[in-house]
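Worksheet: the structure to be examined is printed underneath.
The values are calculated or read from the model by the stated rules, or taken from the named source; none is laboratory data. In this text the structure is predicted, and so the values were computed from the model without any measurement. Heads up, the Cβs are rebuilt from the backbone with ideal geometry, glycines too, and the neighbour counts pull from every protein chain shown.
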Amino acid sequence: MEDGLEELQQRLVEMLLAFQEFTQENGVTFFLVGGSALGAVRHQGFIPWDDDVDVAMMREDFEKMEHLMKMQGNRLGQFVYSPVEKHIIPDAPIGYLYDLLHADAGYENTAKIDIHPIDGVPKSRLLRKVQKWTSLIYYLSEYRLPVKNKGTVVRNISKVILKITPDCMFRFYMKICKKIMTSWSTFDSEYICSLFGVAGYEREVMPKKYLFPLQKAMFEMEVFLIPGSQDAYLKRLYGDYHKNGGSKWQSYRNHYEQNDASVFTGRTGCDECGRKRSL
């Protein structure tokens, strides 16, 4: 089990380096976020049981990256890019870079980098609710599945929306919702958010100063960028991240210790661990 996870993590570092070279050549920037940023700070590499990498890009850089990937057939050497609206990987409406060498085994069983776009957030509470709910409808229109992990009320509302919405309207909803939820520029906004981040909208909303200026950090003997105010950023997502990585990461570890290697080498997407990034 450990050998398989170590091999997967080594492959992920190769993917990160390839993606870093691509972004630097094209003048766009990414940085480690979530558990990968936590790993860089606490372990100078992967959290021991982590089996993927989370990175983020500001929306403007993300859109440019997607365009550049499309121009080269969504390929980066041995790696394949899964664009947001193609949903090759049915997980969350973000970008994914995955390993072509093991693609025949299915995306669940291959090395994968999750690429989160970061959007500006309005100051108004009312407009924040608008942004949150349009991102929800965008998710529903993209995957046409009921929302998970957000309580019974939200799940039931999502079921009603799916039931009453004609199939022909989903693409229209996606277009309108994307325009609304991304309408706040990251340049002008004091707050930012990964709309489809694991922690959920409320915790993912944070001052932009938590991220910038970015700083360099060691990750598996290589140098990558992470949020500049790392302490404030990680506390926002995980609480006391110094103590077992916070309660969220402790639940990951507990599940890892109680189950077999399929959690990490089979990439089953266990709901208990929050592996699925559904709203």
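Just one of the listed residues (Val263, Val223) is over 18 Å from the mean Cα position of the chain (by Cα), modelled with pLDDT of 95 or more and within 23 Å of Gly95 (Cα to Cα), namely Val223.
For the stretch 63-85, filtered to residues that are within 19 Å of Asp119 (Cβ to Cβ) and not acidic (Asp, Glu), the residue that is surrounded by the fewest Cβ atoms within 10 Å (Cβ to Cβ) is His67. Find the residue count for the stretch 36-45, including only residues that are surrounded by fewer than 24 Cβ atoms within 10 Å (Cβ to Cβ) and either under 22 Å from Pro93 (Cβ atoms) or in contact (Cβ under 8 Å) with a residue 24 or more places away in the chain (or both). Qualifying residue count, the stretch 36-45: 4.
The residues of the stretch 49-75 that are over 19 Å from the mean Cα position of the chain (by Cα) and either within 19 Å of Met218 (Cα to Cα) or of a type in the set (A, V, I, L, M, F, W, C) (or both), listed by number, are Leu68, Met71.
Conditions tested, residue by residue: (1) of a type in the set (Val, Ile, Thr); (2) closer than 14 Å to Gly120 by Cα.
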site	(1), (2)
Ile180	yes, yes
Phe187	no, yes
Gly200	no, no
Gln215	no, no
Asp231	no, no
Arg236	no, no
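A count restricted to the stretch 183-201 and to residues that are under 13 Å from Leu136 (Cα atoms) and not small (Gly, Ala, Ser) stands at 3. The residues on offer are Gly274, Gly246, and the sole one that is in the same structural domain as Val53 (by TED's automatic domain parsing), modelled with pLDDT under 95 and surrounded by 17 or more Cβ atoms within 10 Å (Cβ to Cβ) is Gly246.
Name every residue in the stretch 160-175 that is surrounded by 14 or more Cβ atoms within 10 Å (Cβ to Cβ) and either without any contact (Cβ under 8 Å) to a residue 60 or more places away in the chain or in the same structural domain as Pro207 (by TED's automatic domain parsing) (or both), in order of residue number. Correct list: Ile161, Leu162, Thr165, Phe170, Tyr173. Candidates in the stretch 177-194 are the residues that are modelled with pLDDT under 95 and of a type in the set (A, V, I, L, M, F, W, C); of these, the one that is surrounded by the fewest Cβ atoms within 10 Å (Cβ to Cβ) is Phe187. Consider the stretch 82-110 and keep the residues that are aliphatic (A, V, I, L, M) and in a helix (DSSP H, G or I). The one that is modelled with the highest pLDDT is Val84.
Scanning the stretch 1-43 for residues that are polar (S, T, N, Q), assigned to a helix (DSSP H, G or I) and more than 21 Å from Leu234 (Cβ to Cβ) returns Gln10, Gln20, Thr23, Gln24.
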